[in-house]
Number of protein chains: 2
Amino acid sequence: MVVRGSSSAHRTLAILTTLGSKEAAERGGLGVVEIARRVGREKSQVSRALKTLDAEGFVERDRESMLYRLSWQVFTMAANAGHPRLLAVAPPVLRRLVGVLGERVHLTVLSHDGVLTVLSQGPARTVQAAGWVGRVTPLHTTSSGRALLFDHGDEEVAELLAGSQFASAGPGAPAGTEEFLARLAEARTAGYALAREEFEAGLVGAAAPVRDFRGQVMAALNVSAPANRMGRDLDAAGRVVLSAARQLSQSMAGC
Amino acid sequence: MVVRGSSSAHRTLAILTTLGSKEAAERGGLGVVEIARRVGREKSQVSRALKTLDAEGFVERDRESMLYRLSWQVFTMAANAGHPRLLAVAPPVLRRLVGVLGERVHLTVLSHDGVLTVLSQGPARTVQAAGWVGRVTPLHTTSSGRALLFDHGDEEVAELLAGSQFASAGPGAPAGTEEFLARLAEARTAGYALAREEFEAGLVGAAAPVRDFRGQVMAALNVSAPANRMGRDLDAAGRVVLSAARQLSQSMAGC
DNA sequence: CAAGGGGGTTGCCGAGCGAGCAACAGGGGT
DNA sequence: ACCCCTGTTGCTCGCTCGGCAACCCCCTTG
């Protein structure tokens with residue numbers, strides 16, 4: 001079998017990915033040369049590829065600064081990505097869970113080798129820590145990470161963690177793959193995962209897996225709060241999250 | 001100048017768009033042959049292109065049904081698309097507006113020749129009419145549509161409306177481009193746009209433009225409600241929305 | 001079991017497309 | 001005037017896909 005490089009398509013997609021990065025958004029867009037640098041291609045190729053992307057409506061260009069950025073069209077696509085039904089069914093469940101726990105809850109999925117937050121709901125009273133949605137957090141320092149790996153084999157998990165930086169985490173973070181696997185096993189028997197100051201000092205969380213009609217883990221429900229507010233009741237919170245996750249799983253199965 | 005077709009990139013992007021369509025999501029994904037039919041290409045090319053897209057993480061495949069669908073990665077991209085700052089700043093404004101009006105409010109942008117809803121916030125009590133986000137509604141039968149076209153010239157507007165189906169709308173919808181332009185002019189002088197049963201019978205709405213630091217219209221704030229709840233106060237609602245939109249514009253300018 | 005049909009992947013070859021370079025056009029700075 | 005940086009366009013050769021056909025696999029039908 002001949003592996004086709006499809007260099008043109010690869011390059012175009014690499015540009016899309018680059019424009020979808022956080023830094024690109026923060027700068028308000030990227031220029032042709034800047035993108036060329038990042039994807040390691042000739043600026044002429046990038047210039048022409050961007051013209052194609054523009055014609056297809058994937059990117060738009062600020063008339064003044066000449067910078068390209070992803071267009072809103074990507075939003076429409078996102079609404080139909082992954083398991084759209086999950087997005088439709090989950091909000092009421094999240095809201096109820098917020099009502100019970102009084103803390104911000106998230107719906108997360110496994111994306112690549114990280115935890116992607118796809119929905120986030122907080123009590124209205126708190127300061128809006130908006131900006132979680134679309135963000136990717138590490139697998140190994142979050143309760144969601146463990147909940148999402150419930151059904152993975154140890155070797156698979158080790159592979160996914162290979163790229164993780166075990167440094168730069170909270171004080172309670174697992175020291176290495178072995179310790180992570182131990183905590184994962186513990187979480188499996190409990191049915192929910194707890195994380196005490198693993199992601200960040202002073203932050204605790206609990207998570208439980210959401211399963212599709214076949215029983216496969218497709219997402220995780222997760223609550224996250226300051227340790228001084230939820231630290232003592234974390235185990236109870238875990239059970240509440242588990243119950244809500246089961247409920248969500250049932251909603252998904254009902255289709 | 002030679003226009004480069006970049007047929008490979010075009011095809012790849014067309015596949016992405018197809019997978020991002022609503023029907024694709026409803027079916028839970030699309031197969032190779034189905035996609036080939038829709039984009040009008042050889043199934044072999046589509047098969048190979050999908051392999052590339054998979055390798056880049058844009059799509060994923062259901063192991064059992066063999067169907068491809070957009071991966072959650074698109075979610076991450078969406079968080080950085082358009083004007084991400086708008087997404088970060090808007091939620092509190094929307095929530096306040098919901099508090100005042102007691103009805104569902106939306107943040108919309110111009111996408112292609114339609115109105116794309118990027119944020120939606122409703123009073124918790126009502127039944128969640130979730131699923132607005134990511135949806136595209138017509139330009140000519142919505143208050144948002146008019147608010148987004150405040151600064152467009154008449155010819156530009158006519159061009160954008162060219163593809164619109166003036167049939168299949170609510171009873172109050174404008175009959176044609178001319179009538180639309182008249183209502184647009186009216187909205188311009190008021191500073192906000194009102195729509196009475198244009199999109200759908202029994203549904204009214206009010207919208208006002210959000211402007212960036214340069215004064216360019218970048219989005220619209222919009223409230224939508226049943227006529228029997230907001231019909232009489234629609235003009236007042238328009239003024240409230242306008243005030244909120246100004247506030248949002250200021251937040252955007254402050255950066 | 002054979003036959004048929006639909007979905008999906010792979011091999012193959014030549015024609016057409018793009019990689020890379022270079023030139024050029026603008027826009028600031030100094 | 002000069003340089004530096006960004007971005008676009010012309011051009012040519014070599015390489016990559018386009019299109020077809022064969023093949024695999026699964027399911028259904030007779």
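The values are calculated or read from the model by the stated rules, or taken from the named source; none is laboratory data. These numbers were taken from a predicted model, which means no experiment stands behind them. Cβ: placed from backbone, ideal geometry, glycine included. Neighbour counts: every protein chain shown. The area values use the complete protein model at the heavy-atom level, side chains included, leaving out ligands, DNA and RNA. Shrake-Rupley method; radii C 1.70, N 1.55, O 1.52, S 1.80 Å.
For every residue, the table says whether it meets (1) modelled with pLDDT of 90 or more; (2) of a type outside the set (Asp, Glu); (3) open to solvent by 10 Å² or more (accessible area, probe 1.4 Å); (4) within 12 Å of DNA strand D (Cβ to nearest atom).
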residue: A:40; (1), (2), (3), (4): no, yes, yes, no
residue: A:49; (1), (2), (3), (4): yes, yes, no, yes
residue: A:74; (1), (2), (3), (4): yes, yes, no, no
residue: A:113; (1), (2), (3), (4): no, no, yes, no
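Out of (1) assigned to a helix (DSSP H, G or I); (2) over 21 Å from residue A:49 (Cα atoms); (3) facing another protein chain (nearest Cβ under 9 Å), the odd one out for residue B:12 is which?
It fails just one condition, (2).
For residue B:182, state whether it is aliphatic (A, V, I, L, M), over 20 Å from residue B:232 (Cα atoms) and modelled with pLDDT of 95 or more. Step through it out loud before you land on a result.
Details: aliphatic (A, V, I, L, M): yes; over 20 Å from residue B:232 (Cα atoms): yes; modelled with pLDDT of 95 or more: yes.
Taking the combined requirement at face value, the residue satisfies it.
Here is a check on your reading of the model: is residue A:7 at the interface with chain B (Cβ under 9 Å from one of its Cβ atoms), near DNA strand D (Cβ under 9 Å from one of its atoms) and surrounded by fewer than 18 Cβ atoms within 10 Å (Cβ to Cβ)?
Against the criterion (at the interface with chain B (Cβ under 9 Å from one of its Cβ atoms), near DNA strand D (Cβ under 9 Å from one of its atoms) and surrounded by fewer than 18 Cβ atoms within 10 Å (Cβ to Cβ)), residue A:7 qualifies.
Just need a number here: residues in the stretch B:22-58 that are facing chain A (nearest Cβ under 7 Å), small (Gly, Ala, Ser) and part of a helix (DSSP H, G or I).
3
Could you pull out the residue among A:86, A:19, A:94, A:67 that is open to solvent by 40 Å² or more (accessible area, probe 1.4 Å), more than 7 Å from chain B (Cβ to nearest Cβ) and in contact with a strand residue (DSSP E or B) (Cβ under 8 Å, 6 or more places away or on another chain)?
A:67
Quick one: which residue in A:106, A:112 is within 12 Å of chain B (Cβ to nearest Cβ) and within 16 Å of the chain's Cα centre (by Cα)?
Answer to the selection: A:112.
Considering only the stretch B:181-201, state which residues are open to solvent by less than 30 Å² (accessible area, probe 1.4 Å) and more than 19 Å from residue B:111 (Cα to Cα). I'd like the intermediate steps shown before the answer.
Step one: filter the stretch B:181-201 for residues open to solvent by less than 30 Å² (accessible area, probe 1.4 Å), giving B:184, B:187, B:191-193, B:195, B:198.
If the condition is that a residue be open to solvent by less than 30 Å² (accessible area, probe 1.4 Å) and more than 19 Å from residue B:111 (Cα to Cα), then B:187, B:191, B:192, B:195, B:198 are the ones that fit.
Check residue B:64 against each of (1) within 13 Å of DNA strand D (Cβ to nearest atom); (2) in a helix (DSSP H, G or I) and name the one condition it does not meet.
(2)
Going by the structure shown, is residue B:59 crowded, with 20+ Cβ neighbours inside 10 Å, under 30 Å from residue A:216 (Cα atoms) and more than 16 Å from DNA strand D (Cβ to nearest atom)? Walk me through how you get there before you give the answer.
Values: crowded, with 20+ Cβ neighbours inside 10 Å: yes; under 30 Å from residue A:216 (Cα atoms): yes; more than 16 Å from DNA strand D (Cβ to nearest atom): yes.
Here the answer is yes, as residue B:59 does meet what is asked.
Within the stretch A:67-110, track down each residue that is polar (S, T, N, Q) and in a strand (DSSP E or B).
Within the stretch A:67-110, the subset polar (S, T, N, Q) is A:71, A:73, A:76, A:80, A:108.
Correct list: A:108 only.
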